[in-house]
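> For reference, the structure I am asking about is given below.
The values are calculated or read from the model by the stated rules, or taken from the named source; none is laboratory data. Just so it is clear, the structure is predicted and the values come from calculations on it, not from any experiment. All Cβ positions, glycine included, derive from the backbone under ideal geometry; neighbour counts span all protein chains shown. What goes into the accessible areas is simple: the full protein's heavy atoms, side chains included, and nothing from ligands, DNA or RNA. Shrake-Rupley method; radii C 1.70, N 1.55, O 1.52, S 1.80 Å.
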Amino acid sequence: MKASLTTFACAALILFAAGPLHAQNQSKVQQKCIRTLNGDGLKVAKAQQKLQQNCVKLGAKGTLDVTVDDCIAADTKGKVSSAAAKTVRDETKHCSTIPDFSYAGAAAVNSAASTNALGLLTDTLGSTLDPVVTVNSDSPCQQTVLKKLDSLLHKKVKQFNRCKRSALKSATAAADIEACMTGLISDPVVAKALTKLSEARTKRCGSADLAAVFPGNCNATTGSAFDACLDAQAECRACLMLNAMDAISVDCGIFDDGIANGSCGGFATTTTTTTTLPPPNGICEPGDPALGADCDGNCDIIDQAGSPDCDGICDTGDVAGSPDCNGICDVGDSASGPDCDGACGLNDAPSSADCNGICDVADTAGSPDCDGVCDATDIAGSPDCNGVCDVGDSGSGPDCDGACGLNDAASGADCNGICDVADTAGSPDCDGTCDATDIAGSPDCNGVCDVGDSGAGPDCDGNCNVGDAVGSLDCNGVCDLNDSAGSPDCDGTCDPGDDPLGPDCLGTTTTTSTTTTTTAPPSGPKIMFVSSATYTGNLGGLAGADATCNALAAAAALPGTYVAWLSTSTVDAKTRINNGNFLRTDGAAIATDMTDLLDGTIANGIACDENANCSCSSQRVRTGTKEDGIKFNTTFNCADWTSASSGLFTRDGFCSAVGVSWTNNSSEACNLAKRIYCVQL
């Protein structure tokens, strides 16, 4: 606080303007009205201060979608408006008898509280908050000092209200209330709040440039002088707030610094100052009159920074290379000034006239507008948008059209690992192989099963068709039942290994043996499972295959002894098993007895392995056996299960099938690894 008690004593005749005299004290109802509205006003000011502190904090973090000023004006959570509404309600409730003095009404109280709380913030930081809200290591300094300054204002108003509460009991005029303002000068609570502000500034601000962090009314002070200046700002705002709330007339211009100088809306004395200006020298310098002999409104190279012509903003008419025009388009610079050419450059400022957040063709790569990612608003042909959909580019940007092109990046917005109809052949998604997830009709999937195509892809259906490639998954060199005549597998000649019912062998003479089997009554449940492992045709003969089944069963702790469901050139598979109620390892029924097992249909596919894992689906199983349990022929058995030759074949079944295909589906070469069925004896 700048003014001493002696100064205030000398100014006492000027400080207070007496209001109209009243012959008697105000009633208790009138006093309660005044006290209640004063308390409500203090709460409105407090809500306003908290709103301001939060907006400054979020602005410093860079998380606001609006300016700091707009954040304060929005009062998003409605705390200030809620506090103001309570003032209005309390006026209706407690002010049925209007006080004779020290009463201005709820609207005036609310306005004074919020206006002066905000006024203290702009007194300290300047009228526009966004450019000075600190987003660096000085943020703790700025935010802590502002919070302590708000507390100082709060203490001044609160202590005045406390004094007034007592004064109202005997006051007969507004002058009796105004005397409480003098008490704030030596109030210990106020003094303690000022000490805390000074200590916080010393601790938090360190070597910070106070003029830059607090560019308002105290920007020319440092140290304790800075603290005293802030105290004067708080005194001014407290005085203006209380004058408006209580309809009193304290000269705030004297109260804030002890001098009748109009510094705080007071009744200023008139002072005449004569300034002798130096003769014109053609250079616009600080202190020169605007539009005088040296200053023409344009910042020239010889002009000085801070002069009337050079305000720190490169405007139209300013000269390149002058103090205002440094070759960088800064925020505030004119779009038609020398520093701004319409293209966002490397050193230009974000949100300046040149940098609008959109990467344009003329912008520079690496500038604030061009971050290397082609976004939705960026322009085709700009540094960010090179016609290639890269990783990170927006799916709605110019570079990404939803189709994977030759130069597009794998895992970019256009390339998802699936070859689509609109994709380009040779692009990251289309490698020339029709895979399981590729789309029919795409560059990779032409309706023909080629070598390398996936068996689960759209082009391969398990049957060798005309147009399919030799050596593809559909064409194994054997003319099977569902293969097409004229396809690579079916040459019109019934060769060894061809399916007797396939296009090449249909109508040829075959030898059919008929065996009459008498089925014994079921002898109890029999477990059948498909092996979890796969094997070539060299199983070590029937004995080796049986040993494999028993090893799998033992490892899974299955009961009993097992044989493989296999036929040889001399042995039929059905003669190797016993009658019974056939079940899967998960308990599901397969067949009620031998007759049911061999009638061409089973209840459930044998898709469960020895561990009751029932995930086998459309996978081939070696059998060499037809649906009636008899050998397919004398040669489709991999040399009686002792050979892994690619030139020999076996008959296979499908583990998930319930028709004849469970054991008699197609033919496969003996060098391929397949599963086997195992049956409990």
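> Can you find, within the range 639-656, the residue that is nearest to the chain's Cα centre (by Cα) among those that are without any contact (Cβ under 8 Å) to a residue 60 or more places away in the chain and under 16 Å from GLY629 (Cα atoms)? Talk me through it step by step, then tell me what you get.
Step one: filter the range 639-656 for residues without any contact (Cβ under 8 Å) to a residue 60 or more places away in the chain, giving 646-647, 651-654, 656.
Filter again for under 16 Å from GLY629 (Cα atoms), leaving 651-654.
Working: ARG651: 57, ASP652: 53, GLY653: 52, PHE654: 48 Å.
Among those that are without any contact (Cβ under 8 Å) to a residue 60 or more places away in the chain and under 16 Å from GLY629 (Cα atoms), it is PHE654.
> Being open to solvent by 10 Å² or more (accessible area, probe 1.4 Å) and either within 28 Å of SER645 (Cα to Cα) or at pLDDT 85 or above (or both) is true for just one of SER513, SER487. Which residue is that?
Result of the check over SER513, SER487: SER513.
> Another question, if that's okay. Considering only the range 83-101, state which residues are in a helix (DSSP H, G or I), among the β-branched types (Val, Ile, Thr) and farther than 19 Å from ASN243 by Cβ. Walk me through how you get there before you give the answer.
Taking the range 83-101 as the starting set, the residues that turn out to be in a helix (DSSP H, G or I) are 83-94.
Within this subset, residues satisfying the condition of being among the β-branched types (Val, Ile, Thr) are 87-88, 92.
Passing the criteria: VAL88, THR92.
> Out of everything in the range 62-79 that is of a type in the set (Ser, Thr, Tyr) and farther than 10 Å from ASP130 by Cβ, what residue ends up being farthest from the chain's Cα centre (by Cα)? Before the answer, list the steps.
Filtering the range 62-79 down to residues of a type in the set (Ser, Thr, Tyr) leaves 63, 67, 76.
Checking the rest, the ones that are also farther than 10 Å from ASP130 by Cβ come to 63, 76.
Values: THR63: 13, THR76: 23 Å.
Only one residue fits best here, namely THR76.
Table: residues versus (1) at pLDDT 90 or above; (2) under 39 Å from the mean Cα position of the chain (by Cα).
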position: LYS192; (1), (2): yes, no
position: SER207; (1), (2): no, yes
position: ALA225; (1), (2): yes, no
position: ARG237; (1), (2): yes, no
position: MET241; (1), (2): yes, no
position: ALA244; (1), (2): yes, no
position: SER249; (1), (2): no, no
position: GLY253; (1), (2): no, no
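> Could you please tell me which pairs satisfy a Cβ distance under 7 Å, a separation of 6+ or placement on different chains, a first residue in the range 78-95 that is over 26 Å from ASN54 (Cα atoms), and a second residue that is open to solvent by 40 Å² or more (accessible area, probe 1.4 Å)?
HIS94/LYS32
> Looking only at the range 614-633, which residues are under 17 Å from LYS674 (Cβ atoms) and within 52 Å of the chain's Cα centre (by Cα)?
Within the range 614-633, SER615, CYS616, SER617, SER618, GLN619, ARG620, VAL621 qualify.
> Next up: Name the residues in the range 102-120 that are assigned to a helix (DSSP H, G or I) and under 24 Å from VAL29 (Cβ atoms), would you?
ALA106, ALA107, ALA108, VAL109, ASN110, ALA112, ALA113
> For the range 657-676, which residues satisfy the criterion of being touching a residue at least 12 places away in the same chain (Cβ under 8 Å), part of a helix (DSSP H, G or I) and either open to solvent by 30 Å² or more (accessible area, probe 1.4 Å) or β-branched (Val, Ile, Thr) (or both)?
Start the filter on the range 657-676 by keeping residues that are touching a residue at least 12 places away in the same chain (Cβ under 8 Å), which leaves 657-660, 662-676.
When the remaining residues are screened for being part of a helix (DSSP H, G or I), the result is 660, 662.
Result: VAL660, single match.
> Residues CYS314, CYS344, CYS310: which one is part of a loop (DSSP other than H, G, I, E, B), more than 21 Å from CYS370 (Cα to Cα) and under 40 Å from the mean Cα position of the chain (by Cα)?
Criteria check complete, one pass: CYS314.
> Restricting attention to the range 43-82, and to residues there that are in contact with a Gly (Cβ under 9 Å, 6 or more places away or on another chain) and assigned to a helix (DSSP H, G or I), which single residue is surrounded by the most Cβ atoms within 10 Å (Cβ to Cβ)?
Ranking the qualifying residues of the range 43-82, first place goes to VAL68.
> Related question: If you check ALA108 against the conditions, is it in contact (Cβ under 8 Å) with a residue 24 or more places away in the chain and surrounded by fewer than 19 Cβ atoms within 10 Å (Cβ to Cβ)?
So ALA108 passes the test.
> Kindly indicate which of GLU199, GLU178 is part of a helix (DSSP H, G or I), charged (D, E, K, R) and modelled with pLDDT under 90.
Being part of a helix (DSSP H, G or I), charged (D, E, K, R) and modelled with pLDDT under 90 holds for just one of GLU199, GLU178, which is GLU178.
> May I ask you to list the residues in the range 122-143 that are in a helix (DSSP H, G or I), open to solvent by less than 30 Å² (accessible area, probe 1.4 Å) and either hydroxyl-bearing (Ser, Thr, Tyr) or closer than 30 Å to ALA175 by Cα (or both)?
ASP123, THR124, SER139
> One residue is enough: does the range 241-250 have a residue meeting the conditions under 21 Å from VAL132 (Cα atoms) and either in contact with a Ser or Thr (Cβ under 8 Å, 6 or more places away or on another chain) or in contact (Cβ under 8 Å) with a residue 60 or more places away in the chain (or both)? Write out each step before concluding.
Step one: list which residues in the range 241-250 are under 21 Å from VAL132 (Cα atoms), which gives none.
The answer is no, given that none of the residues of the range 241-250 is under 21 Å from VAL132 (Cα atoms) and either in contact with a Ser or Thr (Cβ under 8 Å, 6 or more places away or on another chain) or in contact (Cβ under 8 Å) with a residue 60 or more places away in the chain (or both).
Quick grid of which residues meet (1) open to solvent by 40 Å² or more (accessible area, probe 1.4 Å); (2) modelled with pLDDT under 85; (3) closer than 25 Å to ALA365 by Cα; (4) in contact with a Lys or Arg (Cβ under 7 Å, 6 or more places away or on another chain):
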site	(1), (2), (3), (4)
ALA380	yes, no, yes, no
SER396	yes, no, yes, no
ALA409	no, no, yes, no
GLY426	yes, no, no, no
GLY441	yes, no, no, no
CYS464	no, yes, no, no
CYS479	no, yes, no, no
ASP483	no, yes, no, no
ASP491	yes, yes, no, no
